[in-house]
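Worksheet: the structure to be examined is printed underneath.
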Amino acid sequence: MVDYVSTLSIDFSLIYPEIALIIGAFLMLGVACSRRLAPMAPNLALLTYVVSLYLILNQWGLQGAGFADMVVCDSFAIMFKAIFVVASIVTILLAQYYLKTKGIDRPEFYVLMLISTVGMMAMTATADLVVMLIGLEVMSLPLYVLAGFNRRSLKSNEAGVKYFMMGAFASAFLLLGIAFIFGAAETTNLRRIVTDFSYLLHHQTSGIYLISGAVLVFIGFGFKIAAVPFHSWVPDVYEGAPTPVTAFFSVAPKAAAFAVLLRIFVFGFSGLSELTTVFSVFAVLTMSVGNILALRQDNVKRMLAYSSISHAGYIMVALAVGGPEGVSAAIFYIASYTMFNLGAFGVVTVLETRSGCQSDYSELTGLSKAHPYLACVFALFMFALAGFPPTVGFFGKFYLFSAAIQANLIWLTIIGVMNSFVSVYFYLRVVKVSFFDTSEKTFSKVRLTPAIVLALALTAIATLGIGLFPHQLLRLSQAAIFGLP
Amino acid sequence: MVPTSAYLILAIILFGIGTVGVLITRNMIVLFMSIEIMLNAANMVLIAFSKALNLVDGHVIVFLVLTIAAAEAAVGLAMIVMVYRNRETVNVDRFSLMKW
């Protein structure tokens with residue numbers, strides 16, 4: 001038994017970014033009460049996020065654990081925290097005008113976003129399974145509400161309830177898994193589990209508990225990252241939720257779930273030799289099913305939902321590789337995927353501010369005539385999703401698959417590359433429809449507010465800029481693997 | 001003295017009942033209750049291990065989980081009410097605006 005009182009080192013500098021977000025969220029609740037102050041909410045949220053981002057960047061290089069080892073601050077956690085905050089900032093920039101046009105412009109939206117981000121940070125910056133579970137819930141509960149945020153829309157209702165039921169179902173599996181791991185290891189702290197891992201694994205009863213716990217935890221997170229047998233909720237929730245929320249769903253919670261999976265499996269349970277096979281099988285299933293189902297979609301939002309499933313499959317290749325190479329490839333991929341996927345959903349958000357727009361492919365005809373820049377940016381994101389050079393999507397896949405080849409996973413690499421070829425069809429269909437198709441209906445113009453332009457410019461510059469100069473991000477993601485778990 | 005395995009078997013049976021309930025029921029309230037049964041089965045595993053290993057950690061985790069379940073109930077029931085207001089039904093079969 002560890003003496004908790006003596007190790008209860010309270011060091012608030014580890015959690016400054018989280019504290020900033022919580023203060024912002026509670027201030028915002030106050031602001032939301034006053035009708036006069038409510039229009040300030042988006043700017044206040046942005047300010048909070050920028051302050052938090054500054055505090056996160058200040059933390060870079062910090063290595064430490066505190067609060068009875070419940071909080072771990074290493075470069076891995078800091079990197080992911082920065083990803084969450086950047087994704088939130090872009091989402092808020094995109095959301096303002098969309099929410100106004102749909103008549104759901106309420107300050108609660110920003111409060112929920114802030115609290116959800118705190119949850120993501122908590123689950124990433126810890127090595128304790130229970131704190132991961134609580135962080136996951138703090139992240140998920142606001143997201144369920146955000147999915148159903150458009151109360152009057154039946155589709156949004158449906159998305160919220162489906163997401164809630166699936167999420168609660170998954171967290172029950174996760175909790176049972178954690179309970180079994182606790183029974184095997186007598187602790188929920190990953191750092192202590194790692195030290196006794198091989199002893200526990202080869203002990204008869206605790207070995208069984210440990211393995212069943214690991215399987216259940218994987219099922220729980222499989223729902224969150226939408227790995228293939230557990231993906232059925234994704235297209236419906238992504239289609240029904242308000243589009244900026246979908247943009248947020250497709251990147252931030254997924255990145256958080258992957259961060260936890262990397263911490264638990266690549267570092268905590270690295271002693272399990274079957275992990276490579278298991279993750280390879282799930283990676284192949286996830287990317288193939290995602291890509292094949294995306295082929296037959298007629299709705300851009302649903303297509304992007306299936307594409308996000310297949311991208312989860314690519315990231316699982318990195319989990320199969322494991323080790324420092326796998327982790328840094330996964331971080332690089334997640335960081336770049338965050339940028340271009342947010343951008344792609346951003347363009348869809350902009351187009352949906354027109355009344356009656358359902359985001360079918362056919363509604364894109366004439367986009368290049370009406371908005372040449374928007375069409376070009378959309379095409380850029382599609383090329384990045386498909387993995388064309390010189391966008392960052394190419395380098396993400398390149399590092400991922402070269403890590404897989406170095407780990408002797410040749411067949412996995414071949415299947416992955418074939419999958420990216422298949423995906424070219426449906427990504428380029430967007431480009432074809434928006435540039436080359438013609439129809440009698442004229443394309444009704446959309447209004448591009450400064451916030452939207454800023455968000456799209458940020459993501460586009462990141463997609464192209466990091467694609468041309470990938471070394472900075474690569475070095476960051478290589479530095480981000482130390483100090484684990 | 002009841003052996004730990006008895007508690008575990010009971011908990012796994014409860015978890016199974018919950019899982020089957022989630023998969024076959026059509027009423028959202030019952031579906032939600034099934035999820036609560038699953039969470040409580042997990043709590044039971046925690047308590048059983050806590051008692052067997054003579055540790056207090058498991059008990060504390062159970063309290064945290066109870067809080068989580070309460071928060072989930074608040075959000076979930078609010079959503080069910082929202083759906084009922086818009087559709088006058090809580091049957092998940094009617095949830096087919098978008099294909100599954």
Treat each spin label as a single point 7 Å out from the Cα along the C-beta direction, and report the B:LEU66 to A:PHE421 distance in nm.
5.9 nm
When you look at the Cβ of every residue in A:155-166, what mean number of other chain Cβ atoms sits within 10 Å?
6
At A:GLU274 and B:TYR84, where each label point lies 7 Å from the Cα along Cα→Cβ, what is the point-to-point distance in nanometres?
4.4 nm
Given a Förster distance of 35 Å, the FRET efficiency implied by the Cβ-Cβ spacing of A:TYR54 and A:ASN408, rounded to the nearest 0.05, works out to 0.25
Under a 1.4 Å probe, what is the accessible area of the protein assembly as shown per residue, stated in Å²?
38 Å²
Of the trypsin sites (Lys or Arg not before Pro) in the range A:227-317, which ones lie in a loop per DSSP and count no more than 10 other C-beta atoms within 10 Å?
A:ARG296
Which whole-number percentage describes the relative contact order of the range A:41-132, with Cα contacts under 8 Å and a sequence gap of 6 or more?
38 percent
Those residues of the range A:222-251 whose amide nitrogen sits under 20 Å from the label point placed on A:LEU285, 7 Å along Cα→Cβ:
A:222-236
Write down Rg/Rh for the range A:202-266, rounded to two decimals, with Rg from the C-alpha atoms and Rh from the Kirkwood relation over Cα pairs.
1.13
Under the rule of -39500 (n - 2.57) per DSSP H run of 4 or more residues, summed and divided by the residues of the protein assembly as shown, what mean residue ellipticity at 222 nm is obtained, to the nearest 500 deg cm²/dmol?
-25500 deg cm²/dmol
Evaluate Rg over Rh across chain A, taking Cα atoms for both radii and Kirkwood's formula for Rh.
0.96
Show me, for the range A:164-172, the HN-Hα J-couplings you get by feeding each phi into the Karplus relation (A = 6.51, B = -1.76, C = 1.60, θ = phi - 60°), rounded to Hz, glycine and proline as x.
4, 4, 5, x, 5, 4, 5, 6, 5
The helix A:41-59 Cα axis meets the longest alpha-carbon principal axis of chain A at an angle in degrees, between 0 and 90 and rounded to 10, of 40 degrees
Trypsin sites (Lys or Arg not before Pro), restricted to chain B: which are DSSP loop and have at most 16 other Cβ atoms within 10 Å?
B:ARG26, B:LYS99
Using only the alpha carbons of the range B:4-94, determine the length spanned along each of the three principal axes and report them from longest to shortest in whole angstroms.
51, 24, 9
Simple SL model, points at 7 angstrom along Cα→Cβ for A:ARG191 and B:LEU53; separation in nm is 1.8 nm
Once you have all Cα-Cα distances for the range A:273-485, histogram them in 5 Å bins from zero and send the whole-percent values.
1, 7, 15, 19, 18, 15, 10, 7, 4, 2, 1, 0, 0
List the aspartates and glutamates whose alpha-carbon lies under 19 Å from that of A:LYS301, not counting same-chain residues fewer than 8 positions away?
A:GLU158, A:ASP236, A:GLU239, A:GLU352, A:ASP360, A:GLU363
Using heavy-atom solvent-accessible surface (probe 1.4 Å) with all chains present, what is the largest-first order of A:ARG354, A:ARG106?
A:ARG106, A:ARG354
When the dipole is taken about the Cα centre of the range A:1-99, and only Lys, Arg (+1) and Asp, Glu (-1) are charged at their Cβ, what size is it in debye, to the nearest 20?
600 debye
Return the long-range amide H neighbours of A:ASP128 (sequence gap of 5 or more, or a different chain), with a cut-off of under 5 Å between placed amide H atoms.
A:LEU190
For peptide A:180-193, what's the mean number of Cβ atoms from other chains within 10 Å of each residue's Cβ?
3
Percent relative contact order for chain A, counting Cα pairs under 8 Å at least six residues apart, stands at 15 percent
Within the set A:LYS369/A:LYS445; A:LYS397/A:LYS432; A:LYS100/A:LYS162, which residue pairs have Cα atoms separated by over 19 Å?
A:LYS397/A:LYS432; A:LYS100/A:LYS162
Taking each residue in B:65-75, count the Cβ atoms of any other chain within 10 Å of its Cβ, then average. What number comes out?
5
Which loop trypsin sites (Lys or Arg not before Pro) in the range A:32-110, with loop taken from DSSP, have no more than 10 other Cβ atoms within 10 angstrom of their Cβ?
A:ARG35, A:ARG36
Carbon plus sulfur, as percent of the 1.4 Å-probe accessible area of the range A:387-485, comes to 72 percent
What's the FRET efficiency of A:ALA451 with A:HIS202 using the Cβ-Cβ distance as r and R₀ = 41 Å, to the nearest 0.05?
0.10
Starting from the residue with the highest accessible area, list A:SER423, A:SER355 in decreasing order, probe 1.4 Å.
A:SER355, A:SER423
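The values are calculated or read from the model by the stated rules, or taken from the named source; none is laboratory data. All figures in this text were calculated on a predicted structure; none of them were measured in a lab. Neighbour counts run over all protein chains shown; Cβ positions are idealised from the backbone, glycine included. Ligands, DNA and RNA are stripped out before the accessible areas are found, and what is left, the full protein with its side chains, is counted by its heavy atoms. Shrake-Rupley method; radii C 1.70, N 1.55, O 1.52, S 1.80 Å.
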